1. In the same structural domain as P310 (by TED's automatic domain parsing), touching a strand residue (DSSP E or B) at 6+ places or on another chain (Cβ under 7 Å) and not in a strand (DSSP E or B): is that true of L193 in this structure?
2. Give the stretch 24-80 a look and list any residue that's closer than 21 Å to I285 by Cβ, loosely packed, with under 14 Cβ neighbours inside 10 Å and either in contact with a Leu (Cβ under 8 Å, 6 or more places away or on another chain) or among the aliphatic types (A, V, I, L, M) (or both), or say none.
3. Among the candidates V253, V223, which residue alone is over 20 Å from the mean Cα position of the chain (by Cα), over 24 Å from V118 (Cβ atoms) and at pLDDT 90 or above?
4. What are the residues in the stretch 267-281 that are in a helix (DSSP H, G or I) and more than 13 Å from the chain's Cα centre (by Cα), if any?
5. So, in the stretch 12-23, exactly how many residues are surrounded by fewer than 17 Cβ atoms within 10 Å (Cβ to Cβ) and within 32 Å of the chain's Cα centre (by Cα)?
6. Report yes if L277 is farther than 19 Å from R321 by Cβ, buried (at least 17 other Cβ atoms within 10 Å of the Cβ) and in contact with a Pro (Cβ under 8 Å, 6 or more places away or on another chain), otherwise no.
7. How about the stretch 257-266: which of its residues are within 16 Å of the chain's Cα centre (by Cα) and part of a helix (DSSP H, G or I)?
8. Please determine whether any residue of the stretch 89-101 is touching a strand residue (DSSP E or B) at 6+ places or on another chain (Cβ under 7 Å) and either farther than 26 Å from S296 by Cα or among the β-branched types (V, I, T) (or both).
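The values are calculated or read from the model by the stated rules, or taken from the named source; none is laboratory data. Note that this is a predicted model, so its numbers are computed, not measured. Every residue, glycine as well, gets a Cβ built from its backbone with ideal geometry; the counts of neighbours run over all protein chains shown.
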Amino acid sequence: MARRNAKIIDPSGDLDARKASILEAVVAEHIDTAQPVGSTSVAHSRDVKVSPATVRSEMVTLEREGYLAQPHTSAGRVPTDKGYRYFVDHLKSGVMSSAQQHQVSEFFANVRGEVEDVLEQTSTLLSHLTNYTSMVVASGHSHATILSVQLVSMDARHQLLVSVFSDGSVIKHSVTSDFDATHEEVSEASRQLNALLLATTLETRVQVPSRTDHVATLIRESVSVLHAEKPTTDGEQVFIGGSSHVAEVFDGVETVRKVLGILEQELLVVTLVQDILDQGLSVAIGSEHGYEPLSSCAVIVAPVSIDGEPAGAVGLLGPTRMKYREALAAAGVVSQHLTRHFGGEDDLA
């Protein structure tokens, strides 16, 4: 699918306090109701202390300046992408409820399994917390450091190499020798492999022994099969949670079809998330991300890092009238927990 050049919408300066409070009232009500918002309703908002006539006048100005649109002549106004952008940029930080925070802490305290299992379960958790479609993108582990390796004897000519990486992944390889290796030789090869490979990555070139004894041969074979893993692990992994929410939060069969079509293409999801991060954004609204099929969507992203290095991201996809405060809080908390989980640190308090 061709991608248009993404263009960040410039809010063109700040609004005065009255216009800002009116715009925020319109956005908040439209998020809750999905209906055009009228001046009378806005005038009754807690932070708007002017008459309906004054609200109408200011809404006309906001429409002229591109923050609001009027879908029908007799209807109220709805926010534009520019209006949502102003709302998000001036949004106070949200917090998750105590029950949700407890749910996240319990999840990461008890989640077990291979890294892929953890990421898949995390995508489901994030979707359940927000009722939006979640995206968890993990970088290939070619950049993760090796925490430990162990060579285990299966029989005299077959060994199992088990490697544990800093991103939580565990890789197993079979090592076959053309000689009968003793348990003592396998154990010594395992010890030397740990010393040789600890804190290296799959991209690190290591100096293997050139000796011809059995231990040196086992070491060379083990390093060879481990580094052969690299070509297949550079690509990112994508886990989508709550795809069914697409049909619940978007109006129109064609929109649902387009959004689901994007989510089915892993490369596009990875590119979408990376483009947003590269632009220094935590939220991309409507046309900002440059993908026409997602022009009615907002995408929230939060990076995940391991040992200070980028390791992926978590994201949420919903309509532009997304509940931004709650969604941003959920994505931020989950990304922090995921970072700490794979970094081997204690759970967040």
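1. Taking the combined requirement at face value, the residue does not satisfy it.
2. Matches in the stretch 24-80: A34 only.
3. Just one listed residue meets the conditions, V223.
4. L267, L268, D278
5. Summing the residues that are surrounded by fewer than 17 Cβ atoms within 10 Å (Cβ to Cβ) and within 32 Å of the chain's Cα centre (by Cα) in the stretch 12-23 gives 3.
6. Taking the combined requirement at face value, the residue satisfies it.
7. I262, L263, E266
8. Step one: filter the stretch 89-101 for residues touching a strand residue (DSSP E or B) at 6+ places or on another chain (Cβ under 7 Å), giving none.
No, because not a single residue in the stretch 89-101 is touching a strand residue (DSSP E or B) at 6+ places or on another chain (Cβ under 7 Å) and either farther than 26 Å from S296 by Cα or among the β-branched types (V, I, T) (or both).
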